[in-house]
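Quick notes on the structure that follows.
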Amino acid sequence: LLYHGAMNHFEQVAAINAALARGDTLFCLPGDAGLTPCSPREKGARPLFYPRIGIYAGSGTSHSWLWYADLFDRMGFYDLAFFDESAVEKRGLTDLDVLVVSGGDTFAVAEGLGPAGASSLRVFVGRGGLYIGSCAGAYLPMSSSKNPLHLFNCVNVKVKNLSRVLPEAVRMSHKFYSAYGCDFIFHPVREEVTVRTRGIPPFQGSKKLLAPLYGGPSMWAGENAEVLAHYEGFTNKTVFLVDRSLAEEILLGSAAVVRQGMGAGYFYLFGPHFEHPHFPEANKRIAETILWHTGKGSRPSEKGLEILEGKISAGFVRDLKRELSNSRIVAAGMEMMPLRWKIGDKLYEPEKIRVFLDAMWKRIEKLEKRDRIVAQGAQVSQAVRDGVATTGILRRIKGEIEEGHETLSTATELFVHLRKFSSTFLEIYFKTLAEGRT
Amino acid sequence: MEYLSTGKILIVDLETREVTEEELADDLVAGRIGGAGITKHLYEQHEERDPVVLGTGLLTGTLYPGSALGVVTAKSPVTGNLSHSPFTLDAAVELKYAGFDYVVIKGVSEKPAFLWIHDGIADISDAADVWGKDVWETTNAWRKTLGDDLIQTLLIGPAGESGSDFAQICVNYWASGDRFGLGKRFGQKRLKGIGLRGMGLFEIADAEGFVDRCLELLTQLKSGAASGKKGIGEIYAALGMPEVRDWLNSLVHRHSACFNTPFATNTYVYLDEDPKRLTEPETDDPGFKITELFGLLGLKKIGLSAEAACRLLKACARYGIDGAAVAELSEKADLKESGEIERSFASLTGSVTLPGKGIFSPWCPVGPIFSDFGLSRDASETEAWWERRQAVAYIFGIHPLFAVMSPELTEESMLEAVRLGTEMEIGRETLDGVIADLAG
């Protein structure tokens, strides 16, 4: 009754989430077409619960966590919280069902989270939480002796694309590798690859899927780690960064998705970005993983929520829109400049700035149509301050470029602000959507 | 209004600093079509506050050839009548992409003001820091402050601030087609200028049909009389003055067109570097973009060299004063040296010749260019044709100069493009009614 034939993956999952958020009781079974709602009397029927999901958007992350925000938006997962390392330390992860960590600089993520973050993560999974890591988020909890990754030794997996001696890059040498102690993690290919599932629920059946690889691992699963999908092949969109035969040797047949339990919870490690918005079948696997593993946790109701209405709400959205527009205008102009910044271990081009800004811009119209905006008390003024600061930094960086000054430190400051601004904005956005649904 | 439009009218009260928006109603478009048809209506609606109204046509910013026109409608200090002046380059397109089809600016600001319109937002801010600065300095300052070199500006220089009847609303750094002194209206309102930038989109009802029709027109234009020609020199030659083209020729560096206009109506001359230079210039401002015909012509008549005339036009643009008026009044005052002409800007008075009925700016020559449009040599027939041709261009948003050189752009093709683009049945009868109303 939840589905009809014309619904796509996103709408199907959104329908389930809408029902769960209303408090409906739903059960499902894994089937060839994915998780399917069923009667509670059916053998193997599993109860579904509406998850509270945390997205890590702190130090070391690039922009790919925004893809998770897109996925959750389209699939109706509105109970979201955005964390940076200080929020992990202050709030802990205990009120979450799921934590997602996407791409970026693994060492910087580990350093940012530190011992306290690592400890919170272990407690979270041990108590039944679900960790989903893609790309850098997949490297993070793997077995490692390297400082500070050794703090996170949670999953018995080794990296196959690791070498003491770098192979020759055939293209994109600037994005081809990152240092890993005395060794190198190298990236044999970028863009689209094919992976095949192995029939282990929630990845029912042997299915071929497409997903993009942007530096994620090719894995060897050790004891207690289950391979849910392996790299199967390449497509005409695959970009080879090393000789094709070496890429085949490193990737094909190796684990692309691995799961390992810890206490009552699970770690899911995705080499490719299953959350990328152009890969709906892969997106669906993420959603099903979340629904499959979310149990009935205790959900403390959020305190200190502020509801803006009428002119105050419209004025707030207008203030955000003003700053987003001001920022986008400067950022768009910078895209024509031959610029690139190396921040930590990652390269950032000016185009990345608009990825953050557009993640907010494309949602402004929805907020404009709402009569009520919901936020944690301090978030309202914080979002506007972040917006003003972002515009200010962008204009400063433009001036520095024109005057021929070094811009790395301002660019570093800019990306920190962009993460903060978009995290606060998205929290407000999702809280508002959730309130609208009720 | 859903198609070929942002659907929004911006109302700016400079006195209260209040900014409001109104929906552009389908009924208004059905009755007045757009461009000058609607700016006049909005002017009359707010007449008691002496407004300046900016507007775009339904075809402005689309793929329809020559879709570069925006219109400023206000009472002219030169004629005393309600007049319409054009703004082109990329400014009109930017207004529409910035989220508004029309802007009504009313009241007088207490302090010098800057209106920044971007992505559906309009902000009024203080312009005291640029009040007194020339057009070039002001555009540079705003672009630097706002962090983008693509921002389009409509602004005044010292001429507008001091209340000269010949003050222009300039576009970025250059002279506009404002021959009605509408820059004085900005100055009276203490509005230094407007910045425009937007990354908006608008919908087309039958996008495929609309684009196909525009491509057909482009194909026809490629075999038209203007095809293969470019630059202001060719316009002079077509008007029977090839000697002006030859006089200017040694300074010409390049030609440039306004948005989606298949004829380059602007010519850039190098004054401080070799015009044959093809690499990046060594100086920031090596020359000047000539965007109007009559100033240069008038200064040639006085006897200035091409270089001296262009330098003087550059000074006019910086000061924000109508170069054609400067040339005509200087000739009457028997001023022959560019230095003394420039020193006379602040005290320039007198009456200037403005062909036409004073409704549409005679920045565009009164007569066809390149093609004869089937007209006889009868002057009154030509003038009547020109008034109607200008009205049509100002209603739909077509570059006025390109409109008088392209018989392929028929009234029927514009109506058809609007029908395809909006699904609204706007016919010739409505168009005739709007033209008659504009003619007063």
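FYI, it's all coordinate maths here, none of it is from the lab. All figures in this text were calculated on a predicted structure; none of them were measured in a lab. Using ideal geometry, Cβ is built from the backbone for each residue, glycine included, and neighbour counts are taken over all protein chains shown.
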**Asked** Across the stretch B:129-156, which residue is farthest from the other protein chains (Cβ to nearest Cβ) among those that are within 17 Å of B:Ile321 (Cβ to Cβ) and among the β-branched types (Val, Ile, Thr)?
**Response** B:Ile156
**Asked** Is there a residue in the stretch B:61-83 that is within 14 Å of chain A (Cβ to nearest Cβ) and either over 20 Å from the mean Cα position of the chain (by Cα) or of a type in the set (A, V, I, L, M) (or both)?
**Response** no
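Residue-wise test of (1) without any contact (Cβ under 8 Å) to a residue 24 or more places away in the chain; (2) out of contact with any strand residue (DSSP E or B) (no Cβ under 6 Å at 6 or more places or on another chain).
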{"site": "B:Phe294", "(1), (2)": "no, yes"}
{"site": "B:Ile302", "(1), (2)": "no, yes"}
{"site": "B:Glu307", "(1), (2)": "no, yes"}
{"site": "B:Cys310", "(1), (2)": "no, no"}
{"site": "B:Gly323", "(1), (2)": "no, yes"}
{"site": "B:Glu331", "(1), (2)": "no, yes"}
{"site": "B:Arg343", "(1), (2)": "yes, yes"}
**Asked** Which members of the stretch B:63-75 meet the condition of being out of contact with any Asp or Glu (no Cβ under 8 Å at 6 or more places or on another chain) and surrounded by fewer than 24 Cβ atoms within 10 Å (Cβ to Cβ)?
**Response** B:Leu63
**Request:** Would you check which residues across the stretch B:300-317 are in a helix (DSSP H, G or I) and either touching a Lys or Arg at 6+ places or on another chain (Cβ under 8 Å) or surrounded by fewer than 22 Cβ atoms within 10 Å (Cβ to Cβ) (or both) and list them?
**Result:** B:Lys300, B:Lys301, B:Ile302, B:Ala306, B:Glu307, B:Ala308, B:Ala309, B:Arg311, B:Ala315
**Complete:** How many residues of the stretch A:322-359 are assigned to a strand (DSSP E or B) and either out of contact with any strand residue (DSSP E or B) (no Cβ under 8 Å at 6 or more places or on another chain) or within 11 Å of another protein chain (Cβ to nearest Cβ) (or both)? The answer is 1
**Asked** Is at least one residue of the stretch B:165-185 touching a strand residue (DSSP E or B) at 6+ places or on another chain (Cβ under 7 Å), of a type in the set (D, E, K, R), closer than 22 Å to B:Thr16 by Cβ and more than 14 Å from chain A (Cβ to nearest Cβ)?
**Response** yes
**Prompt:** How many of the residues making up the stretch A:54-66 are surrounded by fewer than 23 Cβ atoms within 10 Å (Cβ to Cβ) and under 20 Å from A:His9 (Cα atoms)?
**Reply:** 0
**Item:** Candidate set from the stretch A:167-207 (those that are of a type in the set (D, E, K, R) and more than 22 Å from the chain's Cα centre (by Cα)); member that is surrounded by the fewest Cβ atoms within 10 Å (Cβ to Cβ)
**Value:** A:Glu168
**Complete:** Filtering the stretch A:129-154 for residues that are touching a Pro at 6+ places or on another chain (Cβ under 9 Å) and either over 15 Å from A:Gly114 (Cβ atoms) or part of a loop (DSSP other than H, G, I, E, B) (or both) leaves a count of 11
**Message:** Condition first: out of contact with any strand residue (DSSP E or B) (no Cβ under 7 Å at 6 or more places or on another chain) and assigned to a loop (DSSP other than H, G, I, E, B). Can you find one or more residues in the stretch A:200-208 that meet it?
**Reply:** no
**Item:** Residue match in the stretch A:361-369 (condition: within 14 Å of another protein chain (Cβ to nearest Cβ) and aromatic (Phe, Trp, Tyr))
**Value:** yes
**Those residues of the stretch A:241-256 which are in contact with a Gly (Cβ under 7 Å, 6 or more places away or on another chain) and within 16 Å of A:Gly215 (Cβ to Cβ), in sequence order** = A:Ala256
**Request:** Working only within the stretch B:388-424, note down all residues that are farther than 19 Å from B:Thr73 by Cβ, without any contact (Cβ under 8 Å) to a residue 60 or more places away in the chain and surrounded by fewer than 22 Cβ atoms within 10 Å (Cβ to Cβ).
**Result:** B:Thr410, B:Glu411, B:Glu412, B:Leu415, B:Arg419
**Message:** Please go through the stretch B:184-233 and give me each residue that is more than 17 Å from B:Ser5 (Cα to Cα) and small (Gly, Ala, Ser), ordered by number.
**Reply:** B:Gly187, B:Gly193, B:Gly195, B:Gly209, B:Ser223, B:Gly224, B:Ala225, B:Ala226, B:Ser227, B:Gly228, B:Gly231, B:Gly233
**Prompt:** Does B:Met241 meet the test of being within 14 Å of another protein chain (Cβ to nearest Cβ), surrounded by fewer than 19 Cβ atoms within 10 Å (Cβ to Cβ) and either closer than 21 Å to B:Val366 by Cβ or out of contact with any Gly (no Cβ under 8 Å at 6 or more places or on another chain) (or both)?
**Reply:** no
**Prompt:** Are any of the residues in the stretch A:88-107 surrounded by 23 or more Cβ atoms within 10 Å (Cβ to Cβ), among the small types (Gly, Ala, Ser) and not in a loop (DSSP other than H, G, I, E, B)?
**Reply:** yes
**Request:** Identify the residue in the stretch A:114-136 that is in contact with a Phe, Trp or Tyr (Cβ under 8 Å, 6 or more places away or on another chain) and farther than 22 Å from A:Leu291 by Cβ and, among all such residues, is surrounded by the fewest Cβ atoms within 10 Å (Cβ to Cβ).
**Result:** A:Ala118
**Item:** Residues that are of a type in the set (A, V, I, L, M), free of Cβ contacts under 8 Å to residues at least 24 places away in the same chain and not in a strand (DSSP E or B), drawn from the stretch A:18-56
**Value:** A:Ala19, A:Ala33, A:Ala45
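Here is a yes/no grid of residues against (1) assigned to a loop (DSSP other than H, G, I, E, B); (2) closer than 30 Å to B:Pro158 by Cα:
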| site | (1), (2) |
| --- | --- |
| B:Leu335 | yes, yes |
| B:Gly339 | no, yes |
| B:Thr349 | yes, yes |
| B:Lys357 | yes, yes |
| B:Trp363 | yes, yes |
| B:Ile395 | no, no |
| B:Val434 | no, no |
**Request:** Kindly indicate whether B:Tyr43 is part of a loop (DSSP other than H, G, I, E, B) and away from every other protein chain (no Cβ under 14 Å).
**Result:** no
**Asked** Of the residues A:Asp319, A:Asp386, which is within 12 Å of chain B (Cβ to nearest Cβ), touching a residue at least 24 places away in the same chain (Cβ under 8 Å), assigned to a helix (DSSP H, G or I) and not aliphatic (A, V, I, L, M)?
**Response** A:Asp319
**Complete:** Scanning the stretch B:365-387 for residues that are among the acidic types (Asp, Glu) and part of a loop (DSSP other than H, G, I, E, B), the one nearest to B:Lys222 (Cα to Cα) turns out to be B:Asp372
**Asked** Among the residues of the stretch A:360-377, how many are surrounded by 14 or more Cβ atoms within 10 Å (Cβ to Cβ) and not in a loop (DSSP other than H, G, I, E, B)?
**Response** 11
**Item:** Within the stretch A:397-411, considering residues that are assigned to a helix (DSSP H, G or I) and small (Gly, Ala, Ser), the one farthest from the other protein chains (Cβ to nearest Cβ)
**Value:** A:Ser409
